[in-house]
Amino acid sequence: LSYHSTRSLSSTPSGGTANQKKTLITKNKDVHSNMPLSKSWRNKPLFRRQGDVRFRTGLEASNLLVQEAKRRDDHEKQFVDSVEATMHCLSPVFERNPRCAFVAKQLMEPERFIQFRVPWLDDTGVIRMNRGYRVQYSSSLGPYEGPLHFGSHVNSATIKSLGFDAVFSNGLTGYTIGAAVGGSDINPFDKSEAEIQRFCQSYMTELVKYVGPDIDLPTMGMGVGKKEFGYMFGQYKRINIKSSSGGRPFLSGSFPQAPGVGVVHFANEMLKDKGDSLKGKRCVIIGAGKVARAVAQKLVEFGAIPLTFSDSSGHVYEADGLDEAKLKTIDTIKEERGALLGRYIMASTTAKFNDPASILDIPCDLCFPCAAMGDITEEAAIKLADNGCKGVIEGGYSTVTLGARKLLKKRGLMYGPHTLTLTGSTVMHNLGPNATDAAFEAEIARIYKNTKATAQEFHARGDLHAGATISGFLRVANAMLAHGAV
């Protein structure tokens, strides 16, 4: 059983390819390194709660793991959905190597889940209270790393779900980093700048006990930009003497465009694989945050035509596309905290606001959902397919539901999962602040190539979600097998 492997930056130049195929019994210490086939594990009980429970096939193992997640965490629907999608991708791995099912069972529980209160004063002097989170999910490959999310939708289920996904996303990159996710249920868009500063300082005062250089590196996520990072870093260095690692400042927000730029590079790789390119493609962008705007900017550079942005007020639609001048106007509007897109129609004579009524009714070649989790439902996927859309590339976390993923596959649309497409921030951090776009693009191409090869190896040709999940899992599983019962 041969495997294709990814190479880390420390062992090969960007974009390097393996000269030989790797196997489950190879001694090469890489993504799919020494993992001996141990069929005897099929005879061992996966669960022993009420009598020994064994499995005969990989699919049976994945179903047992999903049932266990539902039994223990049925109240956390987002987490259960993530587990279900992941385990079904991994069933062919369990079929080939039953021992992997036992590793997957360990991965269903994070190493550490931290929840704390965040008290802060609003502008009227009233004490406000929010919940703060940080799930340090896996350190098998290295120090924890992952985003912070601020938003009223953030809760323990959201954080746990995103932390679970981050294990495979970070593992996929080939870097020596673990997986973590955190945040708070505060809405940063209806607060003043002074309130956000006080909140961030209070949040970091507690979080500082668990994060730091070479321990846990938070990155920017939903609702967390350069300003929020600046406030948190300021508080962090007031409390700690060490505030950098390897000459790089901790909590550096030097390249917030990295996730969006990465999304577009992955879209380009997907199209190149089909003998096509982004040039001339009409693109619907859902969202108007920093990632959505970075996606639009990079699409323009590739010669594509971004058509829309959206936020809580509705959506703006430019039939002839958004050029650099229009993007700069939208940037200026959205950089102001709490500002809504509706203001843009006063600066443009060609823009349409909420016309048509649904942003999904706009004919397009590609859709980039960069907003809320679960934005693309089965109904939305049907509408996109009916309007001639050729692909959906996630620019936000879990923006496509499990049902919609299946429908996209059935209708033959390209699907770029966030597990793959949102690795840009991790890539940029590992390349360093002086990285060129060419080096960044080469790393994206390397990760995409490995994902594609892994999907093909496990008889899921073209399924990037399966390829990314399996590739990330195998790398983490190899490390966990060496660590024992931890």
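The values are calculated or read from the model by the stated rules, or taken from the named source; none is laboratory data. From a predicted model like this one, the values you see are computed outputs, not experimental measurements. FYI the Cβ positions are ideal-geometry reconstructions off the backbone, even for glycines, and counts take in every protein chain you see. Side chains included, ligands, DNA and RNA excluded: accessible areas come from the protein's heavy atoms. Shrake-Rupley method; radii C 1.70, N 1.55, O 1.52, S 1.80 Å.
Could you tell me whether segment 458-466 includes any residue that is aromatic (F, W, Y) and open to solvent by 20 Å² or more (accessible area, probe 1.4 Å)? Within segment 458-466, not a single residue is aromatic (F, W, Y) and open to solvent by 20 Å² or more (accessible area, probe 1.4 Å).
For S313, the conditions (1) of a type in the set (G, A, S); (2) buried (at least 21 other Cβ atoms within 10 Å of the Cβ); (3) over 18 Å from V261 (Cα atoms) are fulfilled apart from (2). A442 meets the conditions (1) in contact with a Pro (Cβ under 9 Å, 6 or more places away or on another chain); (2) surrounded by 20 or more Cβ atoms within 10 Å (Cβ to Cβ) in every case but one. The failed one is (2). Taking first residues from segment 176-192 that are in contact (Cβ under 8 Å) with a residue 12 or more places away in the chain and among the β-branched types (V, I, T) and partners that are assigned to a loop (DSSP other than H, G, I, E, B) and crowded, with 19+ Cβ neighbours inside 10 Å, the Cβ contacts under 7 Å between residues at least 6 apart in sequence or on separate chains come to T176/L141; I177/L141.
Could we say that M35 is surrounded by 15 or more Cβ atoms within 10 Å (Cβ to Cβ), modelled with pLDDT of 95 or more, in contact with a Leu (Cβ under 6 Å, 6 or more places away or on another chain) and not in a strand (DSSP E or B) here? Here the answer is no, as M35 does not meet what is asked. The conditions of being more than 17 Å from the chain's Cα centre (by Cα), closer than 24 Å to K290 by Cβ and among the acidic types (D, E) are met by E195.
For segment 261-277, does any single residue satisfy the condition of being assigned to a loop (DSSP other than H, G, I, E, B), modelled with pLDDT of 95 or more and either open to solvent by less than 70 Å² (accessible area, probe 1.4 Å) or touching an Asp or Glu at 6+ places or on another chain (Cβ under 8 Å) (or both)? So far as segment 261-277 goes, yes, one or more of its residues are assigned to a loop (DSSP other than H, G, I, E, B), modelled with pLDDT of 95 or more and either open to solvent by less than 70 Å² (accessible area, probe 1.4 Å) or touching an Asp or Glu at 6+ places or on another chain (Cβ under 8 Å) (or both). Does segment 400-409 contain at least one residue that is more than 15 Å from the chain's Cα centre (by Cα) and part of a strand (DSSP E or B)? No, segment 400-409 has no match at all. With the requirement that a residue be open to solvent by 10 Å² or more (accessible area, probe 1.4 Å), over 23 Å from R405 (Cβ atoms) and in contact (Cβ under 8 Å) with a residue 60 or more places away in the chain, what does segment 73-111 give you? Scanning segment 73-111 gives H75, R96, R99, F102, Q106.
Residues that are buried (at least 16 other Cβ atoms within 10 Å of the Cβ), among the basic types (K, R) and touching a residue at least 40 places away in the same chain (Cβ under 8 Å) within segment 327-374 comprise just one, K334. Take the conditions crowded, with 17+ Cβ neighbours inside 10 Å, hydrophobic (A, V, I, L, M, F, W, C) and more than 19 Å from T426 (Cβ to Cβ) and apply them to L172. Does it pass? When the stated conditions are applied, L172 does not pass them.
Within segment 301-331, being assigned to a helix (DSSP H, G or I) and not basic (K, R) holds for E301, E324, A325, L327, T329, I330, D331. Examine segment 216-235 for a residue that is in contact with an Asp or Glu (Cβ under 9 Å, 6 or more places away or on another chain) and open to solvent by less than 10 Å² (accessible area, probe 1.4 Å), and state whether such a residue exists. Yes, because at least one residue in segment 216-235 is in contact with an Asp or Glu (Cβ under 9 Å, 6 or more places away or on another chain) and open to solvent by less than 10 Å² (accessible area, probe 1.4 Å). Filtering L431, L420, L464, L384 for residues that are at pLDDT below 95 and either within 28 Å of Y175 (Cα to Cα) or among the hydrophobic types (A, V, I, L, M, F, W, C) (or both) leaves a single hit, L431.
Among the residues of segment 418-435, at least one is of a type in the set (G, A, S), surrounded by fewer than 24 Cβ atoms within 10 Å (Cβ to Cβ) and in contact with a strand residue (DSSP E or B) (Cβ under 6 Å, 6 or more places away or on another chain). Screening G174 on (1) over 30 Å from E193 (Cα atoms); (2) at pLDDT 95 or above shows it passes everything except condition (2).
Which ones in segment 112-124 are part of a loop (DSSP other than H, G, I, E, B) and open to solvent by less than 50 Å² (accessible area, probe 1.4 Å)? Answer for segment 112-124, where residues must be part of a loop (DSSP other than H, G, I, E, B) and open to solvent by less than 50 Å² (accessible area, probe 1.4 Å): just D122. Sub-7 Å Cβ pairs linking a first residue in segment 151-170 that is of a type in the set (K, R) to a second residue that is in a helix (DSSP H, G or I) and surrounded by fewer than 23 Cβ atoms within 10 Å (Cβ to Cβ), at least 6 apart or interchain, number zero. Each residue in segment 361-417 was checked for being more than 25 Å from H149 (Cβ to Cβ) and polar (S, T, N, Q), and 1 of them qualify.
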